[in-house]
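Let me begin by presenting the structure, written as structure tokens, before commenting on it.
The numbers here are math on the coordinates, done by the rules we state, and not lab data. As the structure is a prediction and not an experimental result, all values here were calculated from the model. Note that each Cβ is placed from the backbone with ideal geometry, even for glycine, and that neighbours are counted across all protein chains shown.
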Amino acid sequence: MAIDYSIIGQRIKQARLAKNMTQEDLAEKIDISVAFLSRVERGNSHINLKRLNQLCSLLDVTEGYLLNGASSSSTNYLNKEFSELLGHCSPDKQKLIYDVAKVIAESNYDL
């Protein structure tokens, strides 16, 4: 699966705006130029993992959310991924996956 940097940039921008931060504010806090942050938000530049982690801390989002839109704290975490996975399975496999997931969900075992 190819990484879509424009979608990652859009998520960064949305999270920044939700925190009522300007590009200038955010860029200053993680010690990058406003021009670079602008390119990242447009998907024209890639951000390294160190900066990504800093962004997540400042914007109160997870790396998973920025990279693939999934947030482990959301109520629909992995719904899309499960739906796509099941869509590629036969009805018999879907039933097996459901039965296994049900056993795990109903067990007293915590991960």
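What is the local net charge at Thr22, summed over the other residues whose Cβ is closer than 14 Å to its Cβ (Lys, Arg +1; Asp, Glu -1)?
Details: positive: Lys13, Arg16, Lys19, Lys29; negative: Glu24, Asp25, Glu28, Glu41.
Counting the neighbours of Thr22, the net charge comes to 0.
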| query | Between Ser45 and Glu81, what is the FRET efficiency for a Förster distance of 25 Å, r being their Cβ-Cβ separation, to the nearest 0.05? | reply | 0.35
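Could you state the per residue volume, in Å³, of the convex hull enclosing the Cα atoms of the chain? Mind dumping the intermediate values first?
Numbers: hull volume 13.5 nm³, N = 111.
Spelled out: Cα convex hull of the chain, divided by residues, is 121 Å³.
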| said: Based only on other Cβ atoms within 10 Å, what is the fewest-to-most ordering of Val103, Val61? | reply: Val103, Val61
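Which helices of the chain meet both criteria: a Cα extent of 18 Å or more along the helical axis and a mean Kyte-Doolittle score no lower than -0.5, with helices taken as whole DSSP H segments?
On the way: long enough: 5-18 (19 Å, -0.11); 91-106 (22 Å, -0.24).
Helices meeting the criterion: 5-18, 91-106.
Could you line up Arg42, Arg11 from fewest to most neighbouring Cβ atoms inside 10 Å? Please report the intermediate quantities before stating the final value.
On the way: Arg42 13, Arg11 19.
Listed from fewest to most nearby Cβ atoms, that is Arg42, Arg11.
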